[in-house]
Protein chains: 2
Amino acid sequence: MNQVSQTSCGISKVMSQLGGKWKFLIIWRIHQNEGIRFNQLQRDTNGITNVMLNRCLKELTQDGFVLRKDFHSVPPHVEYYLTKQGKSFIKIMEAMNDWGENNL
Amino acid sequence: MNQVSQTSCGISKVMSQLGGKWKFLIIWRIHQNEGIRFNQLQRDTNGITNVMLNRCLKELTQDGFVLRKDFHSVPPHVEYYLTKQGKSFIKIMEAMNDWGENNL
DNA sequence: CCGTATCCTCCTTGATACTG
DNA sequence: CAGTATCAAGGAGGATACGG
């Protein structure tokens, strides 16, 4: 019989880094607007708080999905981009977005 | 289980139905073993409890991703399959699984 | 503008026991 | 075998205030 191994699979790995309520959406928003800034990103991401947005961005940056470009100016100016790894995930998200629009 | 606003984009819609800790994985396991039974599915899904598995299966069935085939026998015999809609989501999960294996 | 620091709530998940 | 019924815990996420 088609016994499935219990060891972690690609799906588990993806979920462990992108799971939670916000990260998919944040990646998607940055993709739609590369170089987006913090406050704009917050406005675009259905009701996320600045605390959660900052926490997620920090983790996404550490995990190599997001690039944080700080202009070290006053007042602060920070832009967010997808890294190469982040961009490589986008084609999956595009498929997912299309699927969601058409099937749900 | 997970309330991301369903209004804005396909990603949000997908997340609102498949968000949370387990559903992606459950769909993936059923895909790997169509007709799988409850206890086997629990064993295959890294440490999920029967309570959570049952809850997720119920929601996935209601949302049209999973088909529950009950043989009404004693002892009980229930098999789980993906619906047409569930199967239509698999190509995205395959891409995601491959991506996870190669990039994480 | 872009965060940080606290504190707190509630919801998901888990543990345990039980049943047709 | 395939669930239900409870109750508890933990942590993700939220509210609010403050700072460089």
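Among the residues of segment A:5-18, is any in contact with an Asp or Glu (Cβ under 7 Å, 6 or more places away or on another chain) and within 10 Å of DNA strand D (Cβ to nearest atom)?
no
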Determine if segment B:35-53 includes at least one residue that is assigned to a loop (DSSP other than H, G, I, E, B), of a type outside the set (Gly, Ala, Ser), buried (at least 18 other Cβ atoms within 10 Å of the Cβ) and at pLDDT below 95.
-> yes
Scope segment A:66-85; condition within 15 Å of A:Lys23 (Cα to Cα) and more than 10 Å from every other protein chain (Cβ to nearest Cβ); matching residues = A:Val66, A:Leu67, A:Tyr80, A:Tyr81, A:Leu82, A:Thr83
Would you check which residues across segment A:71-84 are within 29 Å of B:Phe89 (Cβ to Cβ) and surrounded by fewer than 15 Cβ atoms within 10 Å (Cβ to Cβ) and list them?
-> A:Lys84
B:Arg68 passes all but one of (1) more than 30 Å from A:Trp28 (Cβ to Cβ); (2) buried (at least 16 other Cβ atoms within 10 Å of the Cβ); (3) of a type in the set (Lys, Arg); which number fails?
-> (2)
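The rows are residues; the columns are (1) within 15 Å of DNA strand C (Cβ to nearest atom); (2) free of Cβ contacts under 8 Å to residues at least 12 places away in the same chain.
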position	(1), (2)
B:Ser8	no, yes
B:Ile11	no, yes
B:Ile36	no, no
B:Leu41	yes, no
B:Leu60	yes, no
B:Gly64	no, no
B:Pro76	yes, yes
B:Trp99	no, yes
Residue list for segment A:49-67, filter: in contact with a strand residue (DSSP E or B) (Cβ under 6 Å, 6 or more places away or on another chain) and not hydrophobic (A, V, I, L, M, F, W, C) | A:Thr61
The lone condition A:Lys87 fails out of (1) at pLDDT 95 or above; (2) open to solvent by 20 Å² or more (accessible area, probe 1.4 Å); (3) in contact with a Cys (Cβ under 6 Å, 6 or more places away or on another chain) is (3)
Selected residue (criterion: surrounded by the most Cβ atoms within 10 Å (Cβ to Cβ)) from residues of segment A:54-65 that are closer than 20 Å to A:Ile90 by Cβ and near DNA strand D (Cβ under 10 Å from one of its atoms) | A:Cys56
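The values are calculated or read from the model by the stated rules, or taken from the named source; none is laboratory data. Because the structure is a prediction, the values reported are computed rather than measured. Positions of Cβ are backbone-derived with ideal geometry, glycine not excepted, and every protein chain shown enters the neighbour counts. Remember, those area values only see protein heavy atoms, side chains included, never the ligands or the DNA or RNA. Shrake-Rupley method; radii C 1.70, N 1.55, O 1.52, S 1.80 Å.
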